[in-house]
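Everything below concerns the one structure shown next.
Read the figures in this text as sums done on the coordinates, not as results from a lab. Bear in mind that the values here come from a model prediction, so they are computed numbers and not experimental data. Neighbour counts are summed over all protein chains in view; Cβ atoms, including those assigned to glycine, are modelled from backbone coordinates with ideal geometry.
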Amino acid sequence: MGDSKANNGRTLIFVICALSATATAATAIGTLPALWLVLCLGIAITLAGLGLLMPRRADALKEKLEQTRRNYKRLFEAVPCYICVLDEQLNILEANTLYQQDFDSNRGTHCYEVCKGRDRACPDCLVAQTFEDGQVHSSEERLNTRDGRALDLVVYSMPVLNDKGQINAVMEVFTDITEVKRLQRQLTLMGRAVAGMAHRIKNILMGLEGGIFVVNTGMESNDNATIEEGWEMVERNVNKVSRLVKDLLFCSKARQPIFKDNVCPQDIAREVHSLFAERSGGDIELHLDLDQEPQCGTFDPDGLANLLSNLMANAIDACRFNDQKSTHHITLRCRQDPQGTCVFEIEDDGPGIPDDVSEKMFEDFFSTKGTEGTGIGLLVVRKVANEHGGKVSFESKLGSGTTFRVTLPAVPNTSTQQEDS
């Protein structure tokens with residue numbers, strides 16, 4: 001600004017001096033033709049001086065404009081949001097580097113192609129609404145990046161005006177709230193889990209009270225059969241609360257698995273089968289199907305026992321709550337390939353899992369048992385499998401039963417472990 005004022009001052013002084021010199025010369029000559037000649041010469045000199053100074057001023061203004069443009073470009077790139085500018089046909093006119101990095105511009109030139117892989121505009125397009133009414137609009141959306149990450153985003157659309165106040169483009173700004181959403185989901189799940197466990201513990205306490213009442217009744221009447229019946233009720237509910245507490249502790253703390261060499265998965269499967277065979281009751285038959293040639297590997301034996309116990313307990317509960325059959329069958333299998341990869345399968349012929357429920361099976365604290373379940377069991381199963389670098393899957397047919405499958409490498413592959421959420 002100081003240089004511009006100095007240039008203007010020098011230009012004004014030059015013009016005054018030139019005109020003054022011209023007027024003095026014209027007065028001295030005195031004749032009219034000579035006067036016009038001197039005036040024309042003075043004006044020419046003045047214009048020449050202005051012509052020398054104006055380009056310098058234009059260059060300074062151009063440099064200032066270019067600097068301003070660079071500053072705005074840096075701000076455009078530095079904002080930790082996804083930004084794109086769109087025309088009325090939803091073509092992307094400009095986008096910041098973050099937007100270009102995370103979304104695949106090779107899909108097309110329209111925003112709905114690049115961000116969502118669609119072949120037409122979204123039904124409730126914020127950009128179209130802003131072009132229509134000139135207002136700022138917002139919504140929450142979930143988009144997938146080019147590398148497969150799912151992002152929860154708050155999207156704003158706002159008008160870009162020209163010098164006449166007309167909308168010639170719309171800017172979309174996407175703010176990433178994925179972490180906020182994750183924390184919200186965890187808080188919701190925590191509240192749901194606490195409520196579910198409170199109901200579950202209440203039911204167990206009622207079972208204990210009922211068992212104690214039956215035992216006392218049998219003792220008063222000296223009826224050993226009644227005493228035995230009541231004591232079985234007490235034992236069953238003590239086992240329930242014991243399993244619940246152990247699973248809670250297993251999931252709540254940062255447990256380090258204790259891997260041991262020369263662990264035989266079939267021995268663990270045999271122990272779990274024997275444990276549940278004593279408790280399943282006469283209407284549920286448990287079967288054990290093992291490879292003829294067992295192989296040893298590096299496993300966490302306590303973790304595997306916990307994993308199989310939870311899957312067996314879930315299978316027994318599924319059959320016990322199924323009124324469509326009088327008897328049920330559950331099979332525990334253990335298979336190993338020549339490389340030592342271990343596959344456990346727990347198959348039941350219970351009611352099966354509906355399709356709408358299947359999608360939620362591995363969500364935290366999800367249970368199909370209402371107040372009879374907490375969903376912790378499958379959390380334990382997934383946690384143990386992840387600690388071994390393995391995976392869990394299941395197949396189910398409504399009315400026919402469900403098979404859970406756990407695949408574990410012979411040597412724990414810690415590089416594939418997933419963080420427990």
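The calculated FRET efficiency for SER105 paired with ALA305, based on their beta-carbon distance and R0 = 56 Å, is about 0.60.
On full extension, the segment bounded by GLU63 and ARG236 gains 53.8 nm, given 0.36 nm per residue less the C-alpha separation. With a Förster radius of 22 Å applied to the beta-carbon distance between GLU285 and LYS397, the computed FRET efficiency rounds to 0.65.
Summarising the label geometry, the points placed 7 Å from Cα in the beta-carbon direction at GLN339 and ASP147 lie 2.6 nm from one another. For the pair THR327 and ASP223, a Förster radius of 25 Å applied to the C-beta separation gives a FRET efficiency near 0.30, rounded to the nearest 0.05. Ellipsoid semi-axes for segment 82-176, based on the Cα gyration tensor and the rule √(5λ), read 22, 13, 12 Å when sorted largest first. Across all C-alpha atoms in segment 104-242, the radius of gyration and Dmax reach 30.5, 100 Å. Legend: distances between Cα atoms for LYS240/LYS383; LYS202/LYS240; LYS325/LYS397; LYS240/LYS260; LYS181/LYS202; pairs beyond 22 Å are LYS240/LYS260; LYS181/LYS202. Protection proxy ranking, highest mean first, for peptides 335-344, 63-72, 140-149, 296-305: 296-305, 335-344, 140-149, 63-72, where packing is the per-residue count of other beta-carbon atoms within 10 Å, averaged. With each label modelled as a point 7 angstrom along the Cα→C-beta vector, the ARG120-ILE201 pair spans 5.5 nm.
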